[in-house]
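**Student:** Quick one: the structure is below, and I'll ask about it shortly.
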Ligand SMILES: O=C1NC[C@H](CO)[C@@H](O)[C@@H]1O
Ligand SMILES: [Ca+2]
């Protein structure tokens with residue numbers, strides 16, 4: 001008989017995840033509190049949005065993760081810093097998409113978990129400063145940048161991710177405040193994109209906010225296409241919006257008809273020409289691996305499982321997934337990895353959808369390999385070359401590390417009583433906007 005499946009002590013693994021996270025948090029507090037990023041090799045500080053204007057990004061991203069881990073003192077430290085220091089009256093252009101998923105989402109999740117009303121006020125404050133990007137646009141497609149102090153907008157050359165990834169964060173603000181403006185501008189931008197789909201039902205990814213014209217021909221489930229599709233489904237899950245679900249079903253049907261390809265028995269999603277369906281290129285961004293989870297949670301479990309199987313073959317090959325993969329040769333055109341969380345994201349989504357232990361095992365490997373490759377003196381480091389022995393570290397830790405993979409591992413392994421495993425919602429930045437149990 002084959003060997004019995006490993007009955008792993010998941011709670012012990014969860015405690016390791018928590019231990020690593022709190023170790024990293026204590027280093028951030030000691031060396032870089034208030035900085036957007038800690039520099040994990042040197043212990044230095046780094047700005048993310050605008051040089052010279054850190055807004056405490058890593059602290060904002062960490063609050064809900066700390067809270068879900070039951071680390072109430074540490075969550076209190078983060079909230080204390082935010083309430084005493086965070087001020088968005090900054091005379092500089094901020095990227096609307098990144099500010100939304102990280103700051104609006106992070107503050108909204110912190111409010112959802114802790115109940116602190118000041119955190120909701122701050123989420124509304126920053127969302128109000130982003131609104132001019134939508135209202136100043138002749139098409140309703142938001143500009144890429146807005147000056148948080150003056151409301152001046154810039155950057156009409158945009159893409160479907162940066163015009164279409166707002167409805168989750170903006171929608172809960174509308175739900176929690178009663179002000180429909182946020183949901184309405186977020187959904188309207190998604191409608192404009194959907195109405196421009198090609199005859200094949202596919203979407204190119206680059207678009208002009210002032211003319212509404214497509215600026216490229218290829219369609220992708222990776223960046224900058226990915227979270228547009230994700231948020232169509234999410235708008236249905238969160239708010240029961242049947243129109244968003246219809247748009248999701250139409251586009252997903254076209255993607256599965258035209259963008260799916262089996263190579264060496266593995267399912268991949270190459271970039272294709274949105275007007276002809278012709279395969280344009282077979283590289284896969286590691287960010288596209290989130291799509292396995294989206295397929296799984298939206299009723300396409302078989303395809304989701306098969307796409308995760310493909311990425312798991314790549315994880316078996318590389319240990320830590322490279323930023324981009326050429327699946328025809330299983331080579332890494334870009335061997336870096338900026339601590340990308342998507343493989344763990346889809347492992348959690350597929351585990352929630354199927355209960356299949358294989359997804360916990362895969363996320364466990366992802367965690368182990370991240371610790372062995374990225375742990376540095378003061379935190380966890382991005383990598384410039386996952387194929388080197390040992391991998392080459394870079395002196396930076398992205399804000400999403402504090403919100404994403406460590407939370408995915410914790411939720412997968414801990415069975416925490418602070419999370420409703422049946423009715424919940426995590427944003428594309430893993431911000432918990434539904435399902436916190438206080
Ligand atoms: O949606 C996103 N895209 C890029 C980051 C993670 O790779 C993160 O900000 C988020 O998950
Ligand atoms: Ca994401």
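The values are calculated or read from the model by the stated rules, or taken from the named source; none is laboratory data. Note that the structure is predicted; figures quoted are calculated from it, not measured. All Cβ positions, glycine included, derive from the backbone under ideal geometry; neighbour counts span all protein chains shown.
**Student:** Looking only at segment 56-93, which residues are surrounded by 24 or more Cβ atoms within 10 Å (Cβ to Cβ) and either closer than 22 Å to residue 146 by Cβ or out of contact with any helix residue (DSSP H, G or I) (no Cβ under 8 Å at 6 or more places or on another chain) (or both)?
**Tutor:** Scanning segment 56-93 gives 57, 60, 61.
**Student:** Right, something else. Every residue in segment 63-87 that is in a helix (DSSP H, G or I) and touching a residue at least 60 places away in the same chain (Cβ under 8 Å), please.
**Tutor:** The answer is 64, 65, 67, 68.
**Student:** Pick out the one residue from 391, 341 that is more than 16 Å from ligand 2 (Cβ to nearest atom) and in contact with a helix residue (DSSP H, G or I) (Cβ under 9 Å, 6 or more places away or on another chain).
**Tutor:** So the residue among 391, 341 that is more than 16 Å from ligand 2 (Cβ to nearest atom) and in contact with a helix residue (DSSP H, G or I) (Cβ under 9 Å, 6 or more places away or on another chain) is 391.
**Student:** Please go through (1) buried (at least 20 other Cβ atoms within 10 Å of the Cβ); (2) assigned to a helix (DSSP H, G or I); (3) in contact with a helix residue (DSSP H, G or I) (Cβ under 7 Å, 6 or more places away or on another chain) for residue 310 and return the number of the only condition it doesn't satisfy.
**Tutor:** (3)
**Student:** Six or more apart or on different chains, Cβ atoms under 7 Å: show the pairs whose first residue is in segment 396-420 and farther than 22 Å from residue 379 by Cα and whose second is more than 9 Å from ligand 1 (Cβ to nearest atom) and in a loop (DSSP other than H, G, I, E, B).
**Tutor:** Listed by first residue and then by second, the contacts come to 417/437; 418/70; 418/437; 419/435; 419/437; 420/435; 420/437.
**Student:** Report yes if some residue within segment 178-186 is in a helix (DSSP H, G or I) and free of Cβ contacts under 8 Å to residues at least 12 places away in the same chain; otherwise report no.
**Tutor:** Yes, some residue in segment 178-186 is in a helix (DSSP H, G or I) and free of Cβ contacts under 8 Å to residues at least 12 places away in the same chain.
**Student:** Right, another one. Which strands (runs of 3 or more DSSP E) does segment 247-289 wholly contain that include 1 or more residues that are touching a strand residue (DSSP E or B) at 6+ places or on another chain (Cβ under 7 Å) and within 16 Å of ligand 2 (Cβ to nearest atom)?
**Tutor:** It comes to 283-285.
**Student:** Check off (1) under 17 Å from residue 87 (Cα atoms); (2) assigned to a loop (DSSP other than H, G, I, E, B) for residue 60 and give me the number that stays unchecked.
**Tutor:** (2)
**Student:** State which residue is surrounded by the most Cβ atoms within 10 Å (Cβ to Cβ) when the search covers only segment 342-355 and only residues that are away from ligand 1 (no atom under 16 Å from the Cβ) and in contact (Cβ under 8 Å) with a residue 40 or more places away in the chain.
**Tutor:** The extreme case among them is 350.
**Student:** Of these, 96, 104, 60, 55, which one is in contact with a strand residue (DSSP E or B) (Cβ under 7 Å, 6 or more places away or on another chain), within 16 Å of ligand 1 (Cβ to nearest atom) and within 27 Å of residue 174 (Cβ to Cβ)?
**Tutor:** The match here is 96.
**Student:** Here's a follow-up. Within segment 204-237, which residues are farther than 21 Å from residue 323 by Cβ and surrounded by 24 or more Cβ atoms within 10 Å (Cβ to Cβ)?
**Tutor:** 207, 209, 231, 232, 234, 235
**Student:** Could you say whether any residue in segment 266-287 is touching a helix residue (DSSP H, G or I) at 6+ places or on another chain (Cβ under 7 Å), within 16 Å of ligand 1 (Cβ to nearest atom) and either touching a residue at least 40 places away in the same chain (Cβ under 8 Å) or farther than 30 Å from residue 175 by Cα (or both)?
**Tutor:** Within segment 266-287, one or more residues are touching a helix residue (DSSP H, G or I) at 6+ places or on another chain (Cβ under 7 Å), within 16 Å of ligand 1 (Cβ to nearest atom) and either touching a residue at least 40 places away in the same chain (Cβ under 8 Å) or farther than 30 Å from residue 175 by Cα (or both).
**Student:** Right, something else. Could you tell me how many of the residues in segment 284-299 are buried (at least 18 other Cβ atoms within 10 Å of the Cβ) and more than 20 Å from the chain's Cα centre (by Cα)?
**Tutor:** Of the residues in that region, 0 qualify.
**Student:** I've got another one for you. Quick check on residue 408: is it within 17 Å of residue 294 (Cα to Cα) and touching a strand residue (DSSP E or B) at 6+ places or on another chain (Cβ under 6 Å)?
**Tutor:** Taking the combined requirement at face value, the residue does not satisfy it.
**Student:** Is there a residue being within 18 Å of residue 359 (Cβ to Cβ), modelled with pLDDT of 95 or more and surrounded by fewer than 18 Cβ atoms within 10 Å (Cβ to Cβ) anywhere in segment 321-341?
**Tutor:** Among the residues of segment 321-341, not one is within 18 Å of residue 359 (Cβ to Cβ), modelled with pLDDT of 95 or more and surrounded by fewer than 18 Cβ atoms within 10 Å (Cβ to Cβ), which makes the answer no.
**Student:** Restricting attention to helices (runs of 4 or more DSSP H) lying wholly within segment 110-165, give those where 1 or more residues are over 23 Å from the mean Cα position of the chain (by Cα) and surrounded by 19 or more Cβ atoms within 10 Å (Cβ to Cβ).
**Tutor:** Of the helices (runs of 4 or more DSSP H) lying wholly inside segment 110-165, those with at least 1 residues that are over 23 Å from the mean Cα position of the chain (by Cα) and surrounded by 19 or more Cβ atoms within 10 Å (Cβ to Cβ) span 132-135.
**Student:** Right, residue 373: out of contact with any helix residue (DSSP H, G or I) (no Cβ under 9 Å at 6 or more places or on another chain) and crowded, with 20+ Cβ neighbours inside 10 Å or not?
**Tutor:** Judged against the criteria, residue 373 is a match.
**Student:** Next question. If you take the residues in segment 396-430 that are within 11 Å of ligand 1 (Cβ to nearest atom) and farther than 22 Å from residue 362 by Cα, which one is surrounded by the fewest Cβ atoms within 10 Å (Cβ to Cβ)?
**Tutor:** The qualifying residue surrounded by the fewest Cβ atoms within 10 Å (Cβ to Cβ) is 398.
**Student:** Looking at this structure, is residue 313 modelled with pLDDT of 95 or more and over 21 Å from the mean Cα position of the chain (by Cα)?
**Tutor:** So residue 313 fits the description; yes.
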